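Report on the structure given below.
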Amino acid sequence: DPTQWRDSDGDGFGDNTSGNNPDECPGEYGTSSIDRVGCPDADGDGWSNAGDPFPQDGTQWEDRDNDNYGDNPLGNNPDAFPSDGTQWSDVDGDGYGDNPTGANADAFPNEPTQWTDADNDGYGDIANGLNGDQCLDTPAGSTVDENGCAESQKDDDLDGVNNAMDACPNS
């Protein structure tokens, strides 16, 4: 290559910054080739130590949301939500995170059929999921039954009219 004539650190990348494939760390031996060419790469993943948030882990090299969990889903300690710094794990696999705060937070981190509880009564908003709430608008502070319903919301015959308003609450 006539554009390169010296390699002072012996790493195979030339010192001429205006030549082909120049060494971005000409004073240090390095094997990085992705973010910076010819810089130290302790884990051998191709990313320089300076540009790799996980310089000792060859399975991870990027962390877009800066939560210290890598974006490579097949690597060590992968981030289940690489674009959401408030979430990184989803034990039950329902697409909502195990951390209790943030936009993708799971109110039921160990139950894959439930993830939200808008009225905070302890019953999930997915009616046909495990422990589904049959009364989604339970008043705050209400004592609820096994269906997530307060006494004023009960609908024993499941006709869509609560018992207090139903002329025939049992049929």
Choice from Ser152, Ser32, Ser18 with maximal GNM fluctuation in the chain (Cα, 10 Å cutoff):
Ser18
Determine the dipole magnitude for the range 32-171: charges of +1 sit on the beta-carbon of Lys and Arg, -1 on that of Asp and Glu, nothing else is charged, the reference point is the Cα centre, and the result goes in debye to the nearest 20.
400
Assigned charges on the beta-carbon of Lys, Arg, Asp, Glu; the range 112-156 dipole about Cα centre (debye):
120
Considering Cα pairs under 8 angstrom that are at least six residues apart, work out the relative contact order of the range 21-171 and quote it in whole percent.
8
Calculate, in nm to one decimal, what Gln56 and Glu24 gain on full extension: separation in residues at 0.36 nm each, minus their alpha carbon distance.
9.5 nm
What net charge do the residues around Ser48 carry, taking every other residue with its C-beta under 9 Å from that of Ser48, with Lys and Arg at +1 and Asp and Glu at -1?
-3
The relative contact order of the range 1-103, taking Cα pairs under 8 Å that sit 6 or more residues apart, comes to a percentage of 11
So what are the ³J(HN,Hα) numbers for the range 4-11, from phi and the Karplus equation (6.51, -1.76, 1.60; θ = phi - 60°), rounded to whole Hz, Gly and Pro as x?
10, 9, 9, 9, 5, 9, x, 9
What distance in nm separates the two pseudo spin-label positions at Asp157 and Asp43, each 7 Å out from Cα along the beta-carbon direction?
6.4
From the residues Asn110, Gly95, Pro40, which one has its Cα farthest along the dipole of the range 39-139 in the positive direction, the dipole being from +1 and -1 charges on Cβ of Lys/Arg and Asp/Glu about the Cα centre?
Pro40
Could you provide, to the nearest whole Å², the per residue accessible area of the range 1-153 with probe 1.4 Å?
56
Using modelled amide H (1.01 Å from N, peptide plane; none on Pro or chain starts), what sits under 5 Å from the amide H of Gly124, excluding residues fewer than 5 places away?
Asp133
Please work out, to two decimal places, the log10 of the ratio I(q)/I(0) at q = 0.13 Å⁻¹ from a Debye calculation in which every Cα of the range 102-171 carries one identical scatterer.
-0.39
Rank Asp137, Asp159, Asp43 by mean-square fluctuation in a GNM of the chain with C-alpha springs under 10 angstrom and give only the top-ranked residue.
Asp159
Charge dipole of the chain built from unit charges on the beta carbon (Lys, Arg +1; Asp, Glu -1), centred at mean Cα; most positive-end Cα among Gln134, Gly51, Pro26 is Pro26
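The values are calculated or read from the model by the stated rules, or taken from the named source; none is laboratory data. Here the structure is a predicted model, which means the values were calculated and not measured. Glycine gets a Cβ as well: all are built from the backbone with ideal geometry, and neighbour counts include every protein chain shown. Each accessible area value is taken on the protein alone, full model and side chains, heavy atoms only, with ligands, DNA and RNA left out. Shrake-Rupley method; radii C 1.70, N 1.55, O 1.52, S 1.80 Å.
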